[in-house]
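I have placed the structure first, in the form of structure tokens, so that the comments after it can refer back to it.
The values are calculated or read from the model by the stated rules, or taken from the named source; none is laboratory data. What you are looking at is a predicted structure, and each value in this text was computed from that prediction instead of being measured. Don't worry about glycine lacking a Cβ; one is built from the backbone with ideal geometry, like all the others, and counts go over all protein chains shown. These accessible areas exclude ligands, DNA and RNA; they are computed on the full protein's heavy atoms, side chains included. Shrake-Rupley method; radii C 1.70, N 1.55, O 1.52, S 1.80 Å.
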Amino acid sequence: MGGDGALWLGCVLAAAGVAGLRLSWGRKGKSPVLSALGWTALAAGCVGAGMASGAWGVAIAALVATAVACLLLTHAAFERPRMPRRAAEPESAAAASAPGDWHRGVITFALTGPLALAVAVVLALGIRAAALDWPVAEADANVMVLALVPLFWPLLAFAMLMAESRRPQIAMLVVPLIAASLPLLAMGSRP
């Protein structure tokens, strides 16, 4: 029972980290200091909860952080965006019917969603192939893949969403894909 206080503190830190990140990302100019504090509080909360109650504590802290994120995102979804007093009208009917930014949104979703997931899977499989060269049991290497994919995918998606143009986003997909493919190709060429 002595770890209950540390578990509660970990949950509070995780919630504060998510709130700090939301505050940072809600500003016009992204605040690197606030973002760093948010990520630090989130990591400290998970580590503290893990030290208090092991994997169960990390799961509880992650659940609290996810619940706070859902509440904050739900609140943001119902906020009215500040609109200028008078919106500029399109110059012509052709300009009004021209595709807007939804193309960019679809491309961003495709890059950070299914493509980033595919790269995360290949990266985890590449690490699995490299781990099998060490004295790691195959069952442990398989579990390692299951643990690494949900870790790599959001980190990769986050890094891609912070990029300001497509070139670094695509590089963040291609470079790990090539690096992870090398152990897989080496594994496939073994007799």
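Residues are listed down the side, and each one gets a yes or a no for (1) open to solvent by less than 60 Å² (accessible area, probe 1.4 Å); (2) free of Cβ contacts under 8 Å to residues at least 24 places away in the same chain; (3) more than 24 Å from Trp39 (Cα to Cα); (4) out of contact with any Ser or Thr (no Cβ under 9 Å at 6 or more places or on another chain):
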position	(1), (2), (3), (4)
Ala120	yes, no, no, yes
Leu123	yes, no, no, yes
Glu138	no, yes, yes, yes
Ala141	yes, yes, yes, yes
Met160	yes, no, no, no
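Anything in region 152-167 that is of a type outside the set (Gly, Ala, Ser) and more than 24 Å from Leu42 (Cβ to Cβ)? List them, or say none. Steps first, answer last, please.
From region 152-167, those of a type outside the set (Gly, Ala, Ser) are 152-156, 158, 160-162, 164, 166-167; that's our starting set.
Arg166, Arg167 - these are the residues of region 152-167 that are of a type outside the set (Gly, Ala, Ser) and more than 24 Å from Leu42 (Cβ to Cβ).
Can you find a residue that is more than 30 Å from Gly29 (Cα to Cα) and modelled with pLDDT of 90 or more anywhere in region 150-157?
There is no residue in region 150-157 that is more than 30 Å from Gly29 (Cα to Cα) and modelled with pLDDT of 90 or more.
So which residues in region 141-191 are small (Gly, Ala, Ser) and outside any helix (DSSP H, G or I)?
Of everything in region 141-191, those that are small (Gly, Ala, Ser) and outside any helix (DSSP H, G or I) turn out to be Ala163, Ser165, Ser189.
Do the conditions hold for Ala16, that is, is it more than 19 Å from Leu151 (Cβ to Cβ), modelled with pLDDT under 85 and either of a type outside the set (D, E, K, R) or not in a helix (DSSP H, G or I) (or both)?
It is false that Ala16 is more than 19 Å from Leu151 (Cβ to Cβ), modelled with pLDDT under 85 and either of a type outside the set (D, E, K, R) or not in a helix (DSSP H, G or I) (or both).
Report the residue count in region 163-177 for those that are open to solvent by 70 Å² or more (accessible area, probe 1.4 Å) and within 17 Å of Phe109 (Cα to Cα).
Adding up the residues that qualify gives 3.
Looking only at region 23-55, how many residues end up being in contact with a helix residue (DSSP H, G or I) (Cβ under 6 Å, 6 or more places away or on another chain), open to solvent by less than 80 Å² (accessible area, probe 1.4 Å) and in a helix (DSSP H, G or I)?
The total comes to 14.
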